[in-house]
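The values are calculated or read from the model by the stated rules, or taken from the named source; none is laboratory data. Keep in mind the model is a prediction, meaning the values are calculated, not measured. Cβ atoms come from the backbone with ideal geometry, glycine included; neighbour counts cover every protein chain shown. Just so you know, the surface numbers come from the protein's heavy atoms only, side chains and all, with ligands and any DNA or RNA stripped out. Shrake-Rupley method; radii C 1.70, N 1.55, O 1.52, S 1.80 Å.
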Amino acid sequence: MDFTLTDEQQMLREGAERYLQENYPFERRRATAATVTSCDDAMWAAFAEMGWLALTVPEEAAGLGAGVMEAALLHEALGRRNVLEPVATSAVLCARLIERSGHAAARETVLPAIAGGEARVALACLEPDRYYAHDAPSTVARRDGDGYVLSGAKIVVVDAPAAHRFIVSASVAGESGCALFLVDATAAGLEQRAYPLIDGRRAADLDLRDVRVGASALLCGPAEGAAVLDEALDRFRIVQVADALGAMEAVIDLTAEHIRNRKQFGQPLATFQALQHRMSESFVKVQELRSALYHAFAHVDAPPAERNAAVSAAVVVASEAGRVVGGQGIQLHGGVGMTEEYQVGHYFKRLLVTEKLWGDVDFHLDRIAFTYR
Amino acid sequence: MDLRFTAADEAFREEVRDFMRTHVPPEIAADTKRWVNPRPAYFRRWQGILAARGWGAPHWPAKWGGTDWSALRKHLFFEELYRAYAPDFGWQGLHMMAPVLFAFGSEEQCRRWAPRMLTGEDFWCQGFSEPGAGSDLANLKSTAECVGDEWVLRGQKIWTSDAADSNWGFFLVRTDATVKPQRGLSFIAVKMDTPGITVRPIHGIDGRHDLNEVFLDEVRVPADQLIGEPGKGWTYAKYLLEKERTASAFLYFNRRRFEMAKDIARQTLVHGRPLLEDRAFARKLARVDADLHALNWSVLRILAEEPQKYDLNAVVSALKISGSEMQQRVTELQIDALGPRAVRHFERDQPHTEEADLRRHWQEFTVGPTNLYLFERASTIYGGAREVQKNIIAKLAFGF
């Protein structure tokens, strides 16, 4: 049992923290959030150059072949700096989907493009009137000669505006299960309606009207898709938990600094025991969360039910921790915590978006409880 | 002990309900549901409708356009107003400034300001807090210096709601720096277009910008706009808070938003069935529902002047804590019901019907809850932060 980081892991974490500290100030983030993609090309290129986009892509696909722990270290740094760019959705989630799809051509051409930064891919699996469910999609793929014709609607496709391609979940007409298709963002019949999210990231709704794709667009057939999606989403959730952990630590640091300096009733707020206890409570939450993250690491390669339960445990702990830490962060800032000018509110919003995207708590509690049978 | 409303009160409730049903303009109700920036034009219109019925300010003395309603009837009035999604704004003037004006202002001042406040012609903002005086309000530093027959105001206020839309403001300023801080404050009414006033909107994390900074740079105010006596400002501010004991529970707001959370859950489908029928979600609602009922009776106990063994101020602080936490809980239920759709940013004043996609996947009820949830992170900060309320309880209920 060894919790020390290897030299490489240490370098990755410190390198990421230092780079972001020096190159990702709040004002730059604000400017990026005002663009239509919420993705700065120069920053993206820098990420690619540092190997961040190749981190968990297999070596055979021009990646660095690192594991989920390394990804978590990087994403903790990204969360700590409130980074907008779609590293997680493209280089973790979609890269994993392609890697595990068994689709040789996609592995050979798309994965390296993701790793090199030339291609950004986003996952489109949420649908209207489906809440968080992504099994049995109502988006349908009809066979048409060698290829398929896709029709349906997807909502809240996170990082869609910056994406060059989408991985779209669909049912195949006449078959049960969930298939995954790789579709160009510019495909005929695919309409995007983009919008900002509350934390500066962006998403879009997709309307697919008879979108014709070739046979090679099928990443995963309906018999395999659900399992591939489930595994990739679990990895993505782990990385998102790490992101949230980083964001929470930033909230704690910002808040501690604020109450050290802010004076009311003739003394710094930090001298009031009640407020010291609020900080301590947040500290406890973050300690617990890091531990929950380790639990997820330890089971990331376990059989699905076990892996599901461990990842869900981390998500459940993170959901509550985020609300407590984020909420206390604003509370202890007082009125200024509610302004756009101060950073704490932006972290609160990031935590909220992250939490709302990884599936609701009841879904995750059910996955834990499933193992009791 | 009789916990029922009288038959007369129930009849009164019916009368109010009927009025609201027939007099709340649908577009104003729609805006209220979506919680957009209260538009001054809507305020004037609604206030005009209420005032025409004699209900523009039920809590005012009858002489100035109020009613003679009991505290319970005023409660019923607001219950029905909220139930009908009528707006409830203009708070600063009608509910905060006016009581002080009637209690401590001159007849001339009342005649000058009250009628226009009642009809909605004047819209008032409140200038109390400062960057250095939040929880520690007595520490405020903006001054008013007596020069001839004028007061000259210098300083800065912050968190001034609707200052940009207001034509009048009432300010708490320091008129005497030589005495104990609480003893040197005064209440002054200022016309917002007076030279030297600069209003700068503050952008909130909820997308709102109706909170403002107000800069006072050699603002010359006629001496007859000081209300009551100089140096009594702190007393008047305390009086103002005592007049609105149960308002800080935000009971009507909380109930309205709870009903809206249920509504969202009713219209959100999960595997073809309404989220409201999902047992786990229904339980979440039920838990909040239980506390909402308790909040309701906490308000009634104070309104009906239940004999209290504890200092009433401690009880009111407890109410504020329960009420403000409830504001966060009900708005959280709304976004939990939205699920993944809660993450989208809508501009506060974004018109709903103009976008086709809003009709398709983003129904009316998806617009507003997230902004409101973000705004209500401040419910435990404004009106006396939760930590301050707990201090009050510790001191007054326990003598700690």
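Quick one: of B:Lys180/B:Lys238; B:Lys191/B:Lys238; A:Lys263/B:Lys180, which pairs are farther than 21 Å apart, Cα to Cα?
Check vs 21 Å cut-off fails for B:Lys191/B:Lys238.
Roughly speaking, what is the stretch gain from B:Leu312 to B:Arg116, that is 0.36 nm per residue apart minus the C-alpha to C-alpha distance, in nm to one decimal?
Once the chain is fully extended between B:Leu312 and B:Arg116, it gains 67.2 nm.
Please list 3J(HN,Hα) in residue order for region A:180-195, calculated via the Karplus relation 6.51 cos²θ - 1.76 cosθ + 1.60 where θ = phi - 60°; whole Hz, with x for glycine and proline.
Karplus values, whole Hz, x for Gly and Pro: 10, 10, 9, 10, 5, 4, 9, 4, 5, x, 9, 10, 10, 10, 8, 7.
Residues with beta-carbon under 12 Å from that of A:Ala270, excluding A:Ala270: net charge, scoring Lys, Arg +1 and Asp, Glu -1?
In short, +3.
If you count only protein heavy atoms with a 1.4 Å probe, what accessible area per residue comes out for the protein assembly as shown, rounded to a whole Å²?
With all protein chains present, the protein assembly as shown gives 41 Å² per residue.
What is the spin-label model distance, in nm, from A:Met50 to A:Glu281 if the labels are put 7 Å beyond Cα along the C-beta direction?
The answer from the label model is 3.5 nm.
With each label point set 7 Å from Cα along the Cα-Cβ vector, what nm distance links B:Ala280 and A:Thr271?
4.7
In region A:351-373, whose amide N lies under 18 Å from the spot 7 Å out along Cα-to-Cβ of B:Arg273? List them in ranges.
A:360-367, A:370
Compute the distance from the alpha-carbon center of region B:159-209 to that of region A:287-307, in whole Å.
Each part reduced to its Cα centre gives a spacing of 53 Å.
Please report, to one decimal in angstroms, the Kirkwood hydrodynamic radius of chain A built from all distinct Cα-Cα pairs.
21.3
Find the centroid of the Cα atoms in region A:54-106 and in region B:2-67, then give the distance between the two in whole Å.
57
Determine, from the Cβ-Cβ distance of B:Lys243 and B:Ser106 and an R0 of 22 Å, the FRET efficiency 1/(1 + (r/R0)^6), rounded to the nearest 0.05.
0.70
Under 21 Å Cα to Cα from B:Lys284, which lysines show up? Leave out anything in the same chain fewer than 8 places away.
Candidates past the 8-residue exclusion: A:Lys356, B:Lys262.
Once a ≥ b ≥ c are taken as the square roots of the eigenvalues of the Cα gyration tensor of region A:79-213, is the result rounded (a/c under 1.5), prolate (a/b larger than b/c) or oblate (a/b not larger than b/c)?
In terms of gyration-tensor shape, oblate.
Any idea what diffusion coefficient region A:202-349 gets from Stokes-Einstein, in µm²/s, Kirkwood Rh on alpha carbon pairs, 25 °C, 0.890 mPa s?
137
Using a cut-off of 12 Å between alpha-carbon atoms, which aspartates and glutamates can reach A:Lys285, once sequence neighbours fewer than 8 places away in the same chain are excluded?
Cα-Cα hits under 12 Å: A:Glu249, A:Glu320.
Take chain A, connect every pair of alpha-carbon atoms lying under 10 Å apart with a spring to form a Gaussian network, then pick out the residue of A:Arg130, A:Arg120, A:Arg201 with the largest mean-square fluctuation.
Most flexible of the set in this elastic network: A:Arg130.
Taking all protein chains as present, what is the carbon and sulfur share of the accessible area of region B:149-229, in % to the nearest whole number, probe 1.4 Å?
Carbon and sulfur together cover 48 percent of it.
Are there any residues in region B:245-291 with a reduction of at least 40 Å² in accessible surface when going from the isolated chain to the assembly of protein chains? Probe 1.4 Å, please list them by number.
B:Leu269, B:His271
In Å² (nearest 100), what accessible area is buried between B and A, both sides summed, heavy protein atoms only, 1.4 Å probe?
Approximately 3900 Å² gets buried when B meets A.
What list of whole percents do you get for P(r) of chain B, with Cα-Cα distances grouped in 20 Å bins up to the one holding the largest distance?
Per 20 Å bin, starting at 0, the Cα pair percentages come out as 25, 58, 17, 0.
With r defined as the distance between the Cβ atoms of B:Glu145 and A:Ala34 and R0 fixed at 51 Å, what FRET efficiency is calculated, to the nearest 0.05?
0.70
Indicate the helices, whole DSSP H runs only, in chain B that combine a mean Kyte-Doolittle hydropathy of -0.5 or more with a Cα extent along their long axis of 30 angstrom or more.
Within chain B the helices that satisfy the rule are B:279-303, B:312-338.
What is the calculated FRET efficiency for A:His164 to B:His23, with r their C-beta to C-beta distance and R₀ = 56 Å, to the nearest 0.05?
Efficiency computed from Cβ-Cβ geometry: 0.55.
Which residues belonging to region B:203-225 lose at least 20 Å² of 1.4 Å-probe accessible area when the assembly is complete, relative to their chain isolated?
B:His203, B:Gly204, B:Ile205
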